[in-house]
Amino acid sequence: MSYVQPNFNKRVSALGRKHEAMTFGYKTSMRHDGLIVVKPKRRVFWGYPFKMLLALFVGFFVFKGLMLASLGDITYNERVAKLHQGSAVERSGAWVMQIDPATKFLSGFIAPYIR
């Protein structure tokens, strides 16, 4: 009986790992002999951080477009020029906040709703 116990414990722990993996989703498929087999879906670790970074990137451009639409071109450029005269951090902020085609497009889209 003692030689069967380690094999049983190994199978039980494998089933526990498979059950835990299925909490993130599973896929059923039929084998060639007609048996339906349930397999856990693979977790994609890069999806969540990638989506978060993409949302931050898009949100930043929407913020810039909103600022440009609310301030206007002249005032916005004056403030960016004032930042450009400051320290290294302020100069890098001025470089990031300068008007680009995406910001210009978004501000043109947002401007009618603000004014």
Note, ³J(HN,Hα) from phi for region 86-99, Karplus 6.51, -1.76, 1.60, rounded to Hz, x at Gly and Pro: x, 6, 5, 5, 5, 5, 5, x, 5, 5, 5, 8, 5, 6
Straight-line reach from LYS41: which aspartates and glutamates have a Cα under 13 Å away, not including same-chain ones fewer than 8 places off? GLU20
Please compute the Kirkwood hydrodynamic radius of the chain from all pairs of different C-alpha atoms, in Å with one decimal. 19.5
Dipole of region 57-114, Cα-centred, from +1 at each Lys and Arg C-beta and -1 at each Asp and Glu C-beta, to the nearest 20 debye? 60
Expressed as an acute angle from 0 to 90° and rounded to the nearest 10, what is the orientation of the C-alpha long axis of helix 73-84 relative to the principal long axis of the chain? 80
Here FRET efficiency (C-beta to C-beta, ARG43 to ILE114, R₀ 30 Å, nearest 0.05) is 0.10
Please give the charge dipole size of the chain, origin at the Cα centre, charges +1 on K and R Cβ atoms and -1 on D and E Cβ atoms. Round to the nearest 20 debye. 760
So which lysines can LYS82 reach, going by Cα to Cα under 18 Å and dropping same-chain residues fewer than 8 places off? LYS64
Considering every pair of different Cα atoms, what Kirkwood radius, in Å, is found for region 57-114? 11.4
Taking HIS32, HIS84, HIS19 and counting other C-beta atoms within 10 Å, the order from fewest to most: HIS32, HIS19, HIS84
Relative to the first principal axis of the alpha-carbon coordinates of the chain, what is the inclination of helix 47-71, with its axis defined by its Cα atoms, in degrees from 0 to 90 and to the nearest 10? 20
Please name which of GLN98, PHE61, PRO112 has its Cα lying farthest along the dipole of the chain towards the positive end, using unit charges on Cβ (Lys, Arg +1; Asp, Glu -1) and the Cα centre as origin. PHE61
On a 0 to 90 degree scale, rounded to 10, what angle separates helix 101-114 from the longest Cα axis of the chain? 80
Who wins for biggest fluctuation among VAL80, VAL96, VAL12 in a Gaussian network model of the chain, springs between alpha carbons below 10 Å? VAL12
Value at 222 nm in deg cm²/dmol, rounded to 500, when DSSP H runs of n ≥ 4 in the chain each add -39,500 (n - 2.57): -22500 deg cm²/dmol
For region 28-84: span of alpha carbons on each principal axis (Å, largest first): 73, 19, 12
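Any read-out appearing in this document is the output of simple, stated calculations on the displayed coordinates, not a laboratory observation. In this text, all values refer to a predicted model and were calculated from it rather than measured experimentally. Ideal geometry is used to build each Cβ from the backbone, glycine not excepted, and the neighbour counts take in all protein chains shown.
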